Amino acid sequence: MAASVRIAPSILSADFARLGAEVEAISKAGADLIHVDVMDGHFVPNITIGPPIVKALKPHAKKPLDVHLMISPADPFVEAFAEAGADGITVHPEAGPHIHRTLQFIRSLGKRPGIALNPGTPVDHIDCVLDLVDLVLIMTVNPGFGGQAFLTSQLKKIEAAANRIAKTGRDIALEVDGGITPRTAKQAISAGANVLVAGTAVFKGGAGSYAANIAALRG
Ligand code: DX5
Ligand code: ZN
């Protein structure tokens with residue numbers, strides 16, 4: 001099981017003054033995806049990265065860019081992130097009135113659509129759109145900041161999402177984001193997660209530690 005787990009370092013915890021080099025370093029260190037946390041100071045209480053930075057990073061990323069939009073509304077910016085080089089684009093159902101349409105739009109741009117559920121959002125929100133997505137993201141912290149503690153209350157939701165995904169027979173990734181450490185990674189994997197986002201746990205100790213940090217999350 002652990003062999004099929006993919007690690008998606010969140011560049012939120014990288015050195016922003018050296019983002020290109022940081023992305024290259026985590027790619028070499030064994031990252032499977034590069035997780036890009038986009039925040040608008042409105043949907044979440046923090047501001048981070050926009051399409052020009054994704055575009056600048058693209059040539060440095062040898063791995064797919066997993067873009068997590070924590071912005072509202074998301075629709076007006078989806079195309080810009082697609083053009084900037086996002087490979088997957090994940091949105092929150094609360095970020096706009098028409099999650100179904102947003103996911104269709106992401107697919108129409110040739111990108112992999114994902115749906116993200118906040119800790120307070122019920123798992124049923126994926127039921128009517130599972131046929132449209134390639135990824136379900138379960139937030140295990142409230143979005144906005146790195147370095148928060150993993151909410152074990154979300155393990156049941158990971159299990160519930162895994163069951164729903166299994167029933168589709170489709171290859172839909174189940175990603176977990178927030179507070180992932182070697183200990184919580186095990187819990188998330190046992191619950192059915194197969195993509196782990198980690199910021200703090202990957203970037204601690206500097207570039208010399210990235211490979212060991214990533215390996216430690218695979219269990
Ligand atoms: C939270 C972000 C996460 C976060 C993960 O809003 O979506 O990707 O940066 O960071 P850690 O691993 O430090 O919890
Ligand atoms: Zn994220």
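The values are calculated or read from the model by the stated rules, or taken from the named source; none is laboratory data. Fair warning: this is a prediction, and the values are worked out from it, not measured in the lab. Here the Cβ is made from the backbone with ideal geometry for all residues, glycine too, and neighbour counts use every protein chain on show.
Miscellaneous remarks
- N163 in a helix (DSSP H, G or I) and either over 26 Å from A216 (Cβ atoms) or within 14 Å of ligand 2 (Cβ to nearest atom) (or both): yes
- When region 166-200 is filtered for residues that are farther than 22 Å from L135 by Cα and within 15 Å of ligand 2 (Cβ to nearest atom), only T200 remains.
- Checking the stated criteria, R183 turns out to be free of Cβ contacts under 8 Å to residues at least 12 places away in the same chain and more than 14 Å from the chain's Cα centre (by Cα).
- Of all residues in region 189-202, one or more are out of contact with any Cys (no Cβ under 8 Å at 6 or more places or on another chain), more than 10 Å from ligand 1 (Cβ to nearest atom), within 12 Å of R6 (Cβ to Cβ) and of a type in the set (S, T, N, Q).
- All positions within region 89-101 that are of a type outside the set (V, I, T) and within 16 Å of ligand 1 (Cβ to nearest atom): H92, P93, E94, A95
- Checking the stated criteria, I89 turns out not to satisfy the condition of being touching a residue at least 12 places away in the same chain (Cβ under 8 Å), within 16 Å of ligand 2 (Cβ to nearest atom) and within 24 Å of A17 (Cβ to Cβ).
- Any chance V36 is modelled with pLDDT of 95 or more, surrounded by 18 or more Cβ atoms within 10 Å (Cβ to Cβ), within 15 Å of ligand 2 (Cβ to nearest atom) and farther than 18 Å from A215 by Cβ: yes
- Filter pass, L137 being within 16 Å of ligand 2 (Cβ to nearest atom) and either without any contact (Cβ under 8 Å) to a residue 60 or more places away in the chain or closer than 19 Å to D37 by Cα (or both): yes
- Considering region 50-75, the residues that are closer than 15 Å to D40 by Cα and not aliphatic (A, V, I, L, M) include one that is surrounded by the fewest Cβ atoms within 10 Å (Cβ to Cβ), namely P52.
- Counting the residues of region 48-88 that are within 14 Å of ligand 1 (Cβ to nearest atom) and in contact with a Lys or Arg (Cβ under 9 Å, 6 or more places away or on another chain) gives 4.
- Condition check for Q154: surrounded by fewer than 19 Cβ atoms within 10 Å (Cβ to Cβ), within 16 Å of ligand 1 (Cβ to nearest atom) and in contact (Cβ under 8 Å) with a residue 12 or more places away in the chain: no
- With respect to the conditions (1) farther than 22 Å from A161 by Cα; (2) more than 16 Å from ligand 1 (Cβ to nearest atom), I11 lacks only one, and its number is (2).
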